[in-house]
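Every number in this text was worked out from the coordinates using simple rules, so none of it is lab data. All figures in this text were calculated on a predicted structure; none of them were measured in a lab. Quick reminder, even Gly has a Cβ in these numbers, built from the backbone with ideal geometry, and neighbours come from all protein chains shown.
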Amino acid sequence: MSGFFRPEAIAAVTRWREVLVAAAIIALGVWIAAKPAGMIVTGFGYVLIGLGAVVMVPAVRRARFFNGGDGPGVVQIDEGRILFMGPETGGAMALDALNVLSVRRSRDGATAWVLADATQLLVIPVDAAGADALFDAFAALPGLNLDKVIASVQSRTGGSQRLWARPGASASRVALTR
């Protein structure tokens, strides 16, 4: 059956699956609320509409953040620690030790997250397998603007862009280029 659908269509549905589930919950809620039934059934419909809307907002952000997963390397998040295993480089960094988060786009269009602490840089391609888990990890950073993060991933401008710096972290101790 998988040969029946184009791979691009399967990838799009996979990327937006949470949004589709939230839309289905909202549609079910509208259908239940619109039926001529008692107050309890109508109220249940309104609860489903509200639940679907609450689920929809982060689902849309997560879907916009996701970039495929067919790039080089594998990302794993385990107990507040980001681990990247790439074909040539790799490393690990605790979220608590992270001082600067930036995104870098090279001339050939390759985009990578650049994570820096006091002693190391960790460069992770945005399309590495498992990189979609970084959305939830980055959301835990205090003061990070997730809309700015999503916009930077979708942007096509070259160069580096600092997205977040830990309050009180010395910028002179962290280098963003190598």
**Request:** Give me Rg over Rh for region 7-65, both radii from the alpha carbons and Rh done the Kirkwood way, two decimal places.
**Result:** 1.14
**Fill in**
The answer for the chain, counting only DSSP H helices whose Cα atoms cover 30 angstrom or more along the axis and whose Kyte-Doolittle average is -1.0 or greater, is 39-65
**Message:** For a quick check, take a GNM of the chain with Cα springs below 10 Å and name the residue from Met56, Met39, Met85 with the largest mean-square fluctuation.
**Reply:** Met39
**Item:** Dimensionless Rg ratio for the chain, taking C-alpha atoms and the 2.2 N^0.38 Å reference
**Value:** 1.27
**Item:** Candidates Val19, Val123, Val41, ranked by Gaussian network fluctuation over the chain, Cα under 10 Å, top entry
**Value:** Val41
**Request:** On each of the three principal axes of the Cα atoms of region 67-143, give max minus min coordinate, whole Å, ordered largest first.
**Result:** 31, 24, 22
**Message:** Quick check: pseudo-label points 7 Å beyond the Cα along Cα→Cβ at Val60 and Ser155, how many nm apart are they?
**Reply:** 2.2 nm
**Prompt:** When the label point is put 7 Å from the Cα of Asp78 along its Cα-to-beta-carbon vector, which residues of region 136-150 have a backbone N closer than 19 Å?
**Reply:** 136-138
